[in-house]
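Here the structure comes first, spelled out in structure tokens, and everything after it is commentary.
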Amino acid sequence: MSALLLTFEFLNTSWAKTGLLCVGLALVLVMLSLDRQSPAVYGFVVGKNWFRQACLGFAAGFAVYAGYCLCACWSGAVYLQPEELTPYRNLKGFLGVLSAIPVAAVQQVIFGGYLQGRLRTLLGRAAAIGLTSTVFATFACLGRDYQYLFSPETGYLVVSLFLISVLLGILRFQTGNIVFSTSVLAGAIAVRRFTRKSHLLGYDHASDWYESFAAGQDLRQGYMFWCLLIPFILVSFVLLRRWGEPAPASGHAGLSTSFKRLFPFSNLMALAPLDLWFAALVDARFRIEIKYLPRLFWILTVSSLNTLLTLPERLLLPLVLRHRVPDPVFIVGLHRSGTTYLHNLLALDPRFCAPRNYQIVNPFGVLFSGWILFPFLGMFLTVKRPMDGMRVNVFSPQEEEFAIAGMTRCSPYWGFNFPRRVANYEQHVFLEDNGSGNRERWVSAFLLFLKKLTFLSRKTPLLKSPYNTARVKLLSGLFPQAKFIHIHRHPYDVFRSNRHFAREGIVAFQVQDPDPREGYETRFLKNQKRQLQSYYRESAVLPGQNRVEVKFEDLEADPIEEVRRFYGQLGWKMSTEFEIRLKKYIGTIHDYRKNQFVSLSPLEQSQIDFHMGEFIRRWDYDTPAQFTEQINQAA
């Protein structure tokens, strides 16, 4: 019995309840990373009108709960006490309002999103709403003082929370997503937290209406709160029955571009040391748009904490790691040409060790200190990539260029954060033409990361970076027996995919808007031509068994046979274990659908032909005229 009472006492602390919610969110995200269903099943869709939905929902929740507070004041059960509004309490109330959105979002992701969506699939809509509401009400009451746990007031609260969850569940199915329901809840929480933390409301225990409105000094514990909620539930239920649910989102349902632009937690380089971020801000002359300030605040906060946490490892580990790194295998090719798909396939081969997401986002804490942040990373690494809907998790193979960017500013990926400085950062693609100081800093960071990557296994590193396409001479000089697997795809497809990436992927990183005349989208064709020219010039001196060409279309059509083909050319043999893993992995992605793009305009086709015509012929793709006809027929 004493252990049970101690548990309730522990749950009564706000940090313990917050911790439980964070653990629940982390578990949900892990489950989502393993789930093959679309996020739309769980309401995780943020469409083009998300901002309007969010504003309307927040205003509705705010107005309804504020109106209920005014009714309670009119009845005499509570009264306003503006004299209690000290600066300190106003600050606490303001912080409470700010916390309303993340608290509501976490609650709805867990209960209104994942749990309700899962139960809907198994039991149907009505049972999903009922069971989720029961779980939500029970969980929310766990933190009450144990002496009040079985009081009538707790019973009132359970009913109120149940009704709140029922209403939110109906709204979630009405809209097809959790945006509106989350906003409604956030608006109500904002009013409640401000009034409680600022002591704006006082309670008159002698009032005849006290028990009806504010039993136990909680406006949710009176039966009048039920009278407020039930009409909204009935109206929402009737509208849901009449109008039904919206059609399921198609394609890679997920986040709209405008939402990704404002979402603060999506930058993979947030854990880079504070000295790198400060130097980048100085270089950008602190030209940050106001809408990106929440993202920048988040980045600098996380970066500051991680800088202190990883400082011992950053200073001492380079002195300890002295082993020789095995000659790596480099997967090279232009962005959006299939390098990620090939990397995912070959990372299944037990002979290799490939960098993983949890390693590249925190390269200075790979071996020791980074594990402290491991659960934290799982909460903020997206379940699907923002540009193509490919599933990712903390263990997914990832390109080492992000790790280099987290260790030194000598990486073009800093141009994703500061797109107005993209030309300055792109010089680090062509390191042979760069200054010796920048080249040495890049090499130093690259070798240090590889030593960390191979410290335990000493296996052959399997690396993938599109920018390494232009670094063959440098890399083969560091590792004479390294092998290069170059994958190529029709330049028309690469162009359309890169254009989509420029508009849908980079916005998740940037802290300033790009110059429309000089950004990634306007420069990638010219840069890609230069990268390919560099690759074929520098790889021509490599032995034949150290380089191989892979056609993405052939790999996509028959991955196992294509892997077997170029393994033989490289002098390798496919193991039985690797082949079994390949078949299993291919079976898990059979339902993946690539992005569908509109056909190219004549101007775009002419631009591609001008820059990439020599490679279209070299790779024996269809002529531009034939390919144009295929695109128009498909459209």
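Residue-by-condition table, conditions (1) within 30 Å of residue 291 (Cα to Cα); (2) assigned to a helix (DSSP H, G or I); (3) of a type in the set (D, E, K, R):
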site: 439; (1), (2), (3): no, yes, yes
site: 469; (1), (2), (3): no, yes, no
site: 512; (1), (2), (3): yes, no, no
site: 534; (1), (2), (3): no, yes, no
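Among 294, 318, which is touching a residue at least 12 places away in the same chain (Cβ under 8 Å), farther than 30 Å from residue 450 by Cβ and part of a helix (DSSP H, G or I)?
Values: 318 fails: farther than 30 Å from residue 450 by Cβ.
The unique qualifying residue is 294.
Within the range 423-436, is even one residue outside any loop (DSSP other than H, G, I, E, B), among the hydrophobic types (A, V, I, L, M, F, W, C) and modelled with pLDDT under 95?
Yes - at least one qualifying residue is present in the range 423-436.
Filter the range 155-191 down to the residues that are among the small types (Gly, Ala, Ser) and over 28 Å from residue 92 (Cα atoms) and list them by number.
So in the range 155-191, the residues among the small types (Gly, Ala, Ser) come out as 155, 160, 165, 169, 176, 181, 183, 186-188, 190.
Across the range 155-191, the qualifying residues are 155, 169, 176.
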- Among the residues listed as 266, 304, the single one being of a type in the set (Ser, Thr, Tyr), outside any helix (DSSP H, G or I) and more than 23 Å from residue 454 (Cβ to Cβ): 266
- Message: Take residue 537 and tell me if it is over 14 Å from residue 337 (Cβ atoms) and touching a residue at least 60 places away in the same chain (Cβ under 8 Å).
- Response: no
- Item | Residue satisfying all of: in the range 219-240; touching a Leu at 6+ places or on another chain (Cβ under 7 Å) and at pLDDT below 90; farthest from residue 165 (Cα to Cα) among these | 221
- Message: Suppose we filter the range 606-635 for residues that are part of a loop (DSSP other than H, G, I, E, B) and modelled with pLDDT under 60; how many remain?
- Response: 2
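Listed here are the residues, each with its yes/no results for (1) part of a helix (DSSP H, G or I); (2) of a type in the set (A, V, I, L, M); (3) farther than 24 Å from residue 97 by Cβ.
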site	(1), (2), (3)
186	yes, yes, no
189	yes, yes, no
202	no, no, no
208	no, no, yes
213	yes, no, no
221	no, no, no
227	yes, no, yes
- Just one listed residue, out of 454, 469, is more than 21 Å from residue 364 (Cβ to Cβ) and in contact (Cβ under 8 Å) with a residue 12 or more places away in the chain, and it is 469
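Pick out, from the range 352-406, the helices (runs of 4 or more DSSP H) lying fully within it that include 3 or more residues that are at pLDDT 90 or above and in contact with a Pro (Cβ under 9 Å, 6 or more places away or on another chain). Spell out how you get there, then give the answer.
On the way: elements: 357-360, 374-380, 401-405.
Result: 401-405.
The values are calculated or read from the model by the stated rules, or taken from the named source; none is laboratory data. Keep in mind the model is a prediction, meaning the values are calculated, not measured. Cβ: placed from backbone, ideal geometry, glycine included. Neighbour counts: every protein chain shown.
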